[in-house]
Amino acid sequence: MSVFVLLVCLQSAAAAQNTASITGTVQDSQQGVVVGATATLTDGKGLSLTATSDDQGEYTFTGLAAGTYTLVVVSPGFEDSKSEGVVLAADQKLRLDISLKPSKVVTQTTVEGQIGAQVETEQSQIAGTITQKELVKIGLNGRNFTQLIALAPGVSNQTQQDEAKVGVQGSVKYSVNGGRVEYNNFDVDGQDVMNAGVNGSQSTLIVYPNLDALAEVQVLTSNYGAQYGKTASGTILAS
């Protein structure tokens, strides 16, 4: 064997002896192996190597030069694992096992719906509102809108009529929070239409608007504004 060939062989053997390796097992938090995890090894000089864990969860990097490395292991469903400052000496066989934590599950719930009733913060009056849907959908014997004011809290029917009549035979004797029936006030589009008769014995209305012409009926039971001050009991607003 020539001197040159011998020198090359000696240099190759020395290089083989001066290389290091990193191997390890990738596991989950329950110590089960993680197959198919991607391990990426980098150094400060820009070297980047990639290995994949096998059926036993093992990954291996061989032929490494002595130095300082960073190892990053990633796998779907797990948080990334990053090991910095991994120092390798010449001809060192380092074992570095990796334990992956389950990734955090982010749950987002979106609730959509109609806006509920608003809290009244500017007025102290207590009122009940009868909507147009209720006006036209609820069956009324006589189609007299005044029948529906009994739906408001605190209102009781004192008409003693099975059928809500209109005109001179119509009666609007409704007690609001225990108040006298003749002390109520009925407004249609801002106009007083109450006709209490003699001593309130025949409480009726001058005008009975058609149900289809009304948008809503509001019953003010207490604490209403000074514009309704002439009323000692309830105020019914139809519009």
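Read the figures in this text as sums done on the coordinates, not as results from a lab. None of these values were measured; they are calculated from a predicted model. Note that each Cβ is placed from the backbone with ideal geometry, even for glycine, and that neighbours are counted across all protein chains shown.
Pairwise Cα distances in segment 147-239 exceed 16 Å for 51 percent of all pairs. Each peptide in 84-96, 205-217 gets a packing score, the mean of other Cβ atoms within 10 Å over its residues, and the list from highest to lowest is 205-217, 84-96.
For segment 20-99, the convex hull spanned by the alpha carbon atoms encloses 80 Å³ per residue. The order of F145, F78, going from fewest to most other C-beta atoms within 10 Å of their C-beta, is F78, F145. Partner lysines whose Cα lies under 30 Å from the Cα of K137, excluding those fewer than 8 positions away in the same chain, are identified as K165, K173.
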